[in-house]
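Report on the following structure.
Quick note: the coordinates plus some simple rules give every number you see, no bench work behind them. If you're wondering where the values come from, they're calculated on a predicted model, not measured in any experiment. Here the Cβ positions follow ideal geometry from the backbone for every residue, glycine too, while neighbour counts run over all protein chains shown.
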Number of protein chains: 2
Amino acid sequence: MNKDDLVREIKQKQSFLCVGLDSDLTKIPKHLLSYDDPVLEFNKQIIDATKEYCVAYKPNIAFYECMGSKGWETLQKTLDYIPKNIFTIADAKRGDIGNTSAMYAKTFFENMSFDSITVSPYMGSDSVLPFLNYKNKWVILLALTSNEGSKDFQYIDDISKNKLYQNVIYKSSKWGNERNLMYVVGATQLNEIKKIRQIIPKNFLLIPGVGAQGGDLISVSKIAMNFECGILINCSRSIIYSSNGYDFAEKASFEAKKIQQKMSSLLLEKII
Amino acid sequence: MNKDDLVREIKQKQSFLCVGLDSDLTKIPKHLLSYDDPVLEFNKQIIDATKEYCVAYKPNIAFYECMGSKGWETLQKTLDYIPKNIFTIADAKRGDIGNTSAMYAKTFFENMSFDSITVSPYMGSDSVLPFLNYKNKWVILLALTSNEGSKDFQYIDDISKNKLYQNVIYKSSKWGNERNLMYVVGATQLNEIKKIRQIIPKNFLLIPGVGAQGGDLISVSKIAMNFECGILINCSRSIIYSSNGYDFAEKASFEAKKIQQKMSSLLLEKII
């Protein structure tokens, strides 16, 4: 999917919500366990319930890989079930030497047809470039994450007082452009997001950490949005596990709609 | 596998060779394509041909993931075929927020029974700690890699003139110890390896980059070895693709033996 299509979808749905499919066999409602593929059934019902209100789905690959070869089938079937107008993110955080990153790109972009993949920057350019060779596919590079451990290395100042995550953005922004490169920026880091927008005013940001991890949707959006929206806000657990009963899909729909309505107001303020 | 067992194996075989199973359907000998599972057949013959001369096998997960759900079956069968006295490394370079890293740990340590997994440090402590909770399992953390892109971020000096990779080692060495934490250090960085040995004299180092990537076995080993060997040197392509014909296993055996003999001399010099 290209940027124009993504922006069009955001405008039409008045939403920049990404629903994270961190679907865990031990957490989904018990009544689904009688299905042949309980996680697939869960995902299908979550997708049906939320697809009106979101513009992206982000399966967390760990949760599928954990089920072995069957998990990969569930992942593929989930991907096939997602409507084609919705942006898909393989949350895989891959990154390796060139020939290996090329294999990962082939897996997620050719074999599985994801629109994008999250990539870790630690190994540098040749670990990222193979993913950028695909037309209308995206790298979503880890910059500033929302977890506790983000403080360990991402904030280290260099001798010019640039933090590591800023160096990651400076350097990598020359490898791609705003049509094939997004960044992961945690919602819990409001001051930092301001600085990030100065470095990369045009790139999309994928923002986790709203909801379960404590970030506030409205404050983060106001700081992070650009002239064409430019952000995707991910919510996983707060939507997909909002009920553990027979009404899980209905509750997920309700939570997604509530967020979409807030997003619609935010977009209206920006006249997007 | 614990450290004592690994060191015993090194002494018995007089080898610290790790064979990288970067097994690629497009690169294995053509006559294997008639098998039901050509990559598995290739791996089995490579393992039979090299198991006398190496102490570790390192399947590169990208090459299996690329084949979809069947690839995961091939990976499991390959792992089952590796003799139990040989250390196994899932070269997966995972790393995510705590609950996701816990899923990856479950996949590779419980479901698949790998002895160790390579992990990327970018997301910090909570992305690494879940892997360290397993007894007799190992994290092999990326520190200084051997690829071109390693220069992009790993060498960035902080205000005290510590490079990022040194900060990764300083900080992470407190999360684990020499019985559950190894580091990836590229063979092409001799001066840096000296400095690394001053920070972590006891931890094992997994050293890629000998052979195809240009590192020299003897110089790197002399600098990196410690009192109980303390290094695993990985060779992938230079062993497993040393012939493309019917003699591929024989040639792989010959290459592995040649390396083992050099390693034996190096171990004798150190009286290990």
Using a label position 7 Å from Cα in the Cα→Cβ direction, what is the ascending list of nm distances from residue B:52 to the same site in the other copies? 7.0
When we measure straight from the Cα of residue A:262, which aspartates and glutamates land under 20 angstrom away, once same-chain ones fewer than 8 places off are left out? A:9, A:52, A:216, A:228, A:250
For residue B:5 and residue A:254, what is the calculated FRET efficiency with R₀ set at 56 Å and r taken between the beta-carbons, to the nearest 0.05? 0.55
Principal axes first, then extents: for the Cα atoms of the range A:3-269, list largest minus smallest coordinate on each axis, whole Å, largest first. 58, 45, 35
Per-residue mean of other chain beta-carbon atoms within 10 angstrom of the beta-carbon, peptide A:143-150? 6
Suppose R0 equals 51 Å; then what is the FRET efficiency for residue B:52 and residue A:30 from their Cβ-Cβ distance, rounded to the nearest 0.05? 0.50
Separation between Cα centres of the range B:43-69 and the range A:1-35, rounded to whole Å: 36 Å
Equivalent ellipsoid dimensions for the protein assembly as shown as semi-axes, Å, which come from the Cα gyration tensor, largest first: 41, 27, 20
Shortest first and in nm, the label-point separations between residue B:33 and its counterparts in the other identical copies (7 Å out along Cα→Cβ) come to 4.6
30 Å Cα cut-off, lysine pairs counted over the range B:1-50 (separation 8 or more, or different chains): 8
For the range A:231-272, take N as its residue count and report Rg(C-alpha) divided by 2.2 N^0.38 Å. 1.35
Along Cα-to-Cβ, 7 Å out, sits the label point; list in nm, shortest first, how far the one on residue B:246 is from those in the other copies. 6.7
